[in-house]
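The values are calculated or read from the model by the stated rules, or taken from the named source; none is laboratory data. None of the values given here were measured: they were computed from a predicted structure. We place every Cβ from the backbone using ideal geometry, glycine too, and count neighbours over all the protein chains shown.
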Amino acid sequence: MSPSADTVRVVAAALIAGGRVLIAERPQGKHMAGRWEFPGGKLAGDETEEQALVRELREELGVELLQGRPVVGLRHSYPDRTVQLSLWVVERFRGEPRGLEGQALKWVEPARLAEQDLLEADRPFIAALVEWASTPTAREDFHGRRQ
């Protein structure tokens, strides 16, 4: 289903390291400030999801995407906007994530994500990440060694 003109297209990243997932707190001055989310942002112009993800990870966290894949997409309606959101699992990246927009960051085990004050649009992603974490290869690093 293609998005309507009033739908905001967003890509989000579940950065994975050491079996944990990175989440970011929305900074003051932004819509829904203080809530937690998976890092990412709006697609600009005719960007592909991957192009937007590369840009957003660089701008928000100062990291370079090395390997990522889309895992689930959804549409969520808030009272003031509708978002079409695509979650990518990012298992390989270069650099140490930093909150370049003033946002707090924290690493959370997938099974503990439901305890976080995540945005409603991001909450359906929890089940996909818990399922990912239960797969035999989930805790292998990119060289195939167990972490």
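Within segment 26-33, can one find any residue that is part of a strand (DSSP E or B) and within 19 Å of LEU118 (Cα to Cα)?
Scanning segment 26-33, I find no residue that is part of a strand (DSSP E or B) and within 19 Å of LEU118 (Cα to Cα), so the answer is no.
Determine if segment 35-53 includes at least one residue that is in a loop (DSSP other than H, G, I, E, B) and among the acidic types (Asp, Glu). Explain how you work it out, then say what you get.
Keep residues of segment 35-53 that are in a loop (DSSP other than H, G, I, E, B), which gives 35, 38-39, 43-48.
Among the residues that remain, those that are also among the acidic types (Asp, Glu) are: 46-47.
Among the residues of segment 35-53, at least one is in a loop (DSSP other than H, G, I, E, B) and among the acidic types (Asp, Glu), which makes the answer yes.
Any idea which of (1) surrounded by fewer than 17 Cβ atoms within 10 Å (Cβ to Cβ); (2) over 18 Å from GLY19 (Cβ atoms); (3) in contact (Cβ under 8 Å) with a residue 12 or more places away in the chain; (4) aliphatic (A, V, I, L, M) is the one LEU118 doesn't satisfy?
Tallying (1) surrounded by fewer than 17 Cβ atoms within 10 Å (Cβ to Cβ); (2) over 18 Å from GLY19 (Cβ atoms); (3) in contact (Cβ under 8 Å) with a residue 12 or more places away in the chain; (4) aliphatic (A, V, I, L, M), LEU118 fails exactly one: (1).
What number of residues within segment 76-115 satisfy the criterion of being over 22 Å from GLY62 (Cα atoms), more than 15 Å from the chain's Cα centre (by Cα) and in contact (Cβ under 8 Å) with a residue 60 or more places away in the chain?
Here the count works out to 2.
Conditions first: (1) surrounded by 14 or more Cβ atoms within 10 Å (Cβ to Cβ); (2) without any contact (Cβ under 8 Å) to a residue 12 or more places away in the chain. ASP46 passes all but one, so which condition is the exception?
The one condition ASP46 does not meet is (1).
Being modelled with pLDDT of 95 or more, surrounded by fewer than 16 Cβ atoms within 10 Å (Cβ to Cβ) and touching a strand residue (DSSP E or B) at 6+ places or on another chain (Cβ under 8 Å) is the filter; apply it to segment 100-114 and report the residue that is farthest from MET32 (Cα to Cα).
TRP107
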